[in-house]
Amino acid sequence: MSAVAVAKAVGDRLAAAEAAGLNATLHWSRAGLEAEAARADAAPVAGALAGMPIALKDNIVTTDAPTTCGSRILEGYVSPYDATVVRRLRAAGAMLVAKANMDEFAMGSSTEHSAFGRVRHPLDKDRVPGGSSGGSAALVAAGVVPAALGSETGGSVRQPASFCGVVGVKPSYGRVSRYGLVAFGSSLDCIAVFGRTVDDAARVLGAMSGYDPLDSTTLDRPPMAVPTPLTDLRGLRIGLPREYFPADLHPGVAAAMERVKAAVNRLGGQLVDVSLPNSAFAVPTYYIVAPAEAAANLARYDGVRYGPRKAGPAGDIRALYQTTRGQGFGAEVQRRILVGTYVLSAGYYDAYYRKAQRVRARIADDFLSAFAGGVDLLLTPTTPTPAFRAGEKTEDPVAMYLADIFVCASSLAGLPALSIPVGRSEGLPIGAQLIAPHFEDERMLAAAAAIERVVAADAEVR
Ligand code: GLN
């Protein structure tokens with residue numbers, strides 16, 4: 001097929017998804033699709049992703065479409081440069097076909113915090129697709145694109161992947177350049193990938209990983225190799241952290257995890273009991289560290305440098321800042337800025353921010369000890385429940401934050417982690433998570449591919 005034909009088909013599916021009210025996209029156009037297809041067809045050498053249509057979360061900057069981060073404060077903003085991942089994916093032949101809806105500034109777990117309306121779960125319009133990369137997840141789950149980029153600060157790709165029944169892979173911190181990813185929590189932020197299969201996601205990651213002189217947090221190591229899927233798990237020790245299997249786990253999630261454990265056994269992997277005691281503090285720690293960094297990063301949206309300006313009385317710069325920020329940021333973003341400013345303030349820095357940094361180090365040490373103790377990978381549920389109903393947690397921020405209880409700790413530790421679909425409960429997808437040591441992304445993907453092959457993702461588990 002020509003890229004032109006693929007782009008035409010993707011355009012039809014984007015239009016159908018829009019007509020069905022998914023609200024998963026913020027920007028795309030037929031003209032944009034044609035331009036991408038012409039570029040892909042004209043490439044002298046077919047790259048690794050030749051003609052592959054990929055959607056981008058709307059916090060990854062591109063020069064040919066707006067980048068709004070789901071926020072009024074960046075409405076209509078167009079970047080003067082392309083993100084490194086955009087350049088690398090195009091160089092590999094990919095077509096970047098749409099910018100996907102998201103929680104405002106990637107703050108949320110349901111994509112209900114977008115200033116441009118909530119994203120619907122593709123299988124049940126009354127439910128959420130997860131978040132904050134809910135638009136990207138929904139586009140892959142609905143079959144609009146085979147892969148999409150999201151971003152992770154604390155689980156924002158794995159959690160929606162689990163809710164939507166697709167694969168979500170967060171690479172090691174330092175593996176993929178964040179040049180051109182709008183900053184939220186800089187010590188946590190990663191660009192991550194959704195795919196329908198582990199192999200698809202691995203190919204996209206392989207094409208965009210590697211050292212980038214424009215992002216000093218990328219490590220100077222060779223790009224990720226696309227791993228050959230394992231046919232069995234012999235010789236691998238897979239840890240089950242007991243804190244991730246609480247007695248009150250949703251019965252469907254628990255049943256799905258039993259099936260995954262049985263599959264690991266059948267494949268010759270060895271399951272071992274481990275403990276990550278400080279994971280219990282991951283959500284409170286994350287909700288100090290991430291807002292602190294967000295408060296600093298979001299100070300740049302002042303009505304002067306980016307996006308629309310809401311002027312106050314002439315000559316009053318303070319009023320300009322206040323009006324622009326007061327009207328431009330939604331309630332959740334304002335809450336994060338207030339919390340972040342508070343925990344960094346002189347009187348509370350030691351009690352909150354410094355303490356959180358110490359707990360973060362303990363959380364990371366737990367993982368290091370488990371891996372040093374001979375465990376190759378960790379296996380956990382991705383989320384405590386399947387996709388919840390829209391509106392269920394919007395009035396209770398802490399309930400929303402707890403949706404990330406199994407994904408936050410590995411983010412604080414900077415580790416690679418992924419979610420694969422492993423069954424359904426009452427028709428709703430359930431995901432299992434693998435977590436690997438830093439820079440062992442290939443091992444994690446190869447093992448996930450083996451499990452993916454033997455666990456029926458669409459089977460009802462109870
Ligand atoms: N749900 C978490 C939050 O609201 C994580 C978001 C993310 O990973 N971007 O901050």
With DNA, RNA and ligands ignored, accessible area of ASP220 (1.4 Å probe; Å², nearest 10): 120 Å²
With each pseudo-label sitting 7 Å past Cα toward Cβ, what's the ARG462-ARG13 distance in nm, one decimal? 3.4 nm
Per residue accessible area of the chain, 1.4 Å probe, in Å²: 37 Å²
Taking R0 as 25 Å, what FRET efficiency do you get between ALA314 and VAL78 from their Cβ-Cβ distance, rounded to the nearest 0.05? 0.35
Between the alpha-carbon centers of the stretch 437-454 and the stretch 95-148, tell me the distance in whole angstrom. 25 Å
If the reach is capped at under 14 angstrom between alpha carbons, list the aspartates and glutamates near LYS261, excluding any in the same chain fewer than eight residues apart. ASP232, ASP273, GLU452
Going Cα to Cα from LYS355, which lysines come in below 27 Å? Please leave out same-chain ones fewer than 8 positions away. LYS170
Report the relative contact order of the chain, percent, no decimals, based on alpha-carbon pairs under 8 angstrom and at least 6 residues apart. 17 percent
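Kindly provide the helix-only [θ] at 222 nm of the chain, computed as the sum of -39,500 (n - 2.57) over DSSP H runs of four or more divided by all residues, to the nearest 500 deg cm²/dmol? Spell out each step's value before the answer.
On the way: 14 runs with 165 residues, N = 462.
Helix contribution divided over all residues of the chain: -11000 deg cm²/dmol.
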Treating only Lys and Arg (+1) and Asp and Glu (-1) as charged, each at its beta carbon, one finds that the chain has a dipole about its Cα centre, in Debye to the nearest 20, of 320 debye
Within the chain, the percent of DSSP beta bridges that are antiparallel, given to the nearest 5, stands at 65 percent
Can you give me the % of accessible surface on the chain that is carbon or sulfur? Probe 1.4 Å, all protein chains present, nothing else counted. 54 percent
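Starting from the coordinates of the alpha-carbon atoms of the chain, obtain the Kirkwood hydrodynamic radius over all distinct pairs and give the value in Å to one decimal.
On the way: mean 1/r = 0.0456 Å⁻¹.
The answer is 22.0 Å.
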Express in whole angstrom the spacing between the alpha-carbon centres of the stretch 152-220 and the stretch 38-61. 17 Å
Just name one of PRO291, GLY269, ALA40: the one whose Cα is farthest towards the positive end of the charge dipole of the chain (beta-carbon charges, Lys/Arg +1, Asp/Glu -1). PRO291
At 7 Å along Cα-to-Cβ for each site, give me the label-to-label distance between TYR348 and THR217 in nm. 2.3 nm
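Counting alpha carbon pairs within less than 8 Å and at least 6 residues apart, what relative contact order, in whole percent, applies to the stretch 26-161?
Working: 304 pairs, mean separation 33.8, N = 136.
Here the relative contact order equals 25 percent.
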Mind putting a number on the dipole of the stretch 97-172 about its Cα centre? Charges go on the C-beta only, +1 for Lys and Arg and -1 for Asp and Glu, and I need it in Debye to the nearest 20. 140 debye
As straight-line cross-link partners of LYS8, the qualifying lysines (C-alpha separation under 20 Å, not fewer than 8 residues apart within one chain) are LYS99
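The values are calculated or read from the model by the stated rules, or taken from the named source; none is laboratory data. Remember, it's a predicted structure, so these values are computed and weren't measured experimentally. Cβ sites come from the backbone with ideal geometry, for glycine too, and all protein chains shown count toward neighbours. SASA here: full protein model, heavy atoms, side chains in, ligands and nucleic acids out. Shrake-Rupley method; radii C 1.70, N 1.55, O 1.52, S 1.80 Å.
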